[in-house]
Amino acid sequence: MTSFSLGCRAIHVWLVALDQSWDRGIAALSADEAVRAEKYRFDAPRESFTRCRVALRHLLGQYLSVSPSDVRFEYAVSRKPGLTGNSSLHFNLSHSGDFALIAVARVAPVGVDIERVRALTAQEMLENRIFSAAELDQLRRLPETQRRDGFFAGWTRKEALLKAHGDGLRTPLTSVEVCLDPRRDPKILRSKSASIHPREWTLWTLAAPAGYHASLAVRSSEPQVDVTQVGDDSTYRHCFPDGR
């Protein structure tokens, strides 16, 4: 079994192509995951869910040196997943369209988000529950050609932050304000949440496939944290026994 090494200051971010090859690992899913999959009414979201979970199990298994079916999850009150009996390995998962992102770290809790870019009406862009009034003002001041990228850059930055924070839907997206300019380094501008202090967090803009935006957040203010995007040809595909 291949094992992945992860240094104490490192963060690995895997871009996963959610292709049909993952369907062959479905036997690794737990009974709970199988039940959750069956609750999806339509094939596409069901396939995305199962492929994400299979990929997550294979990746984490290679960090833990166990088989995918032996990876055990536990869930916080907020439903954020963790590893049973292993509090030193942090991970987070996001998927959109044909891709998933999986972040793995030992340094601190991490959050990741990927979103497929789509056309937006002016109303969708400027009337939503994602951005505060100050952030919407940022968006309006961007050049028109940059506004859609600003929207998705800001959205993924906020989602990644709140996922790393782990408080789920109890912390609204508008409670934190981030830089929306896709040309500038991401950062938290201010927080209305008593439990999110901007100086304790670092945000990254991740390389993403064409037509996608992706961001990473980690609860660490130390710049020496090493973020590495890893994979074969920018994607991760598990090699099943017959070599596919």
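Structure above, values below:
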read-out: Residue check for residue 68: out of contact with any Ser or Thr (no Cβ under 9 Å at 6 or more places or on another chain), over 18 Å from residue 203 (Cβ atoms) and assigned by TED's automatic domain parsing to the domain that holds residue 20; value: yes
read-out: Hits in the range 4-20 - residues which are of a type outside the set (A, V, I, L, M, F, W, C), part of a loop (DSSP other than H, G, I, E, B), touching a helix residue (DSSP H, G or I) at 6+ places or on another chain (Cβ under 9 Å) and surrounded by 11 or more Cβ atoms within 10 Å (Cβ to Cβ); value: 19
read-out: Residue list for the range 119-149, restricted to those being charged (D, E, K, R) and either assigned to a loop (DSSP other than H, G, I, E, B) or not assigned by TED's automatic domain parsing to the domain that holds residue 180 (or both); value: 127, 129
read-out: Unmet criterion (only one of (1) among the aliphatic types (A, V, I, L, M); (2) in contact with a strand residue (DSSP E or B) (Cβ under 8 Å, 6 or more places away or on another chain); (3) buried (at least 20 other Cβ atoms within 10 Å of the Cβ)) for residue 54; value: (2)
read-out: Condition broken by residue 200, with the remaining ones in (1) in contact with a helix residue (DSSP H, G or I) (Cβ under 8 Å, 6 or more places away or on another chain); (2) at pLDDT below 95; (3) closer than 27 Å to residue 79 by Cβ satisfied; value: (1)
read-out: Within the range 85-108, considering residues that are under 15 Å from residue 74 (Cα atoms) and touching a strand residue (DSSP E or B) at 6+ places or on another chain (Cβ under 9 Å), the one modelled with the lowest pLDDT; value: 85
read-out: Tally, over the range 37-67, of residues that are of a type in the set (Gly, Ala, Ser), in contact with a Leu (Cβ under 9 Å, 6 or more places away or on another chain) and within 27 Å of residue 88 (Cβ to Cβ); value: 1
read-out: Filtered residue count, the range 149-186, keeping only those that are basic (Lys, Arg) and closer than 20 Å to residue 101 by Cβ; value: 3
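Conditions (1) surrounded by 17 or more Cβ atoms within 10 Å (Cβ to Cβ); (2) over 30 Å from residue 43 (Cβ atoms), marked per residue:
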{"position": "69", "(1), (2)": "no, no"}
{"position": "95", "(1), (2)": "yes, no"}
{"position": "104", "(1), (2)": "yes, no"}
{"position": "110", "(1), (2)": "yes, yes"}
{"position": "114", "(1), (2)": "yes, no"}
{"position": "137", "(1), (2)": "no, yes"}
{"position": "141", "(1), (2)": "no, yes"}
{"position": "165", "(1), (2)": "yes, yes"}
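The values are calculated or read from the model by the stated rules, or taken from the named source; none is laboratory data. If you're wondering where the values come from, they're calculated on a predicted model, not measured in any experiment. With ideal geometry, Cβ positions are generated from the backbone for all residues, glycine too; neighbour counts draw on all protein chains shown.
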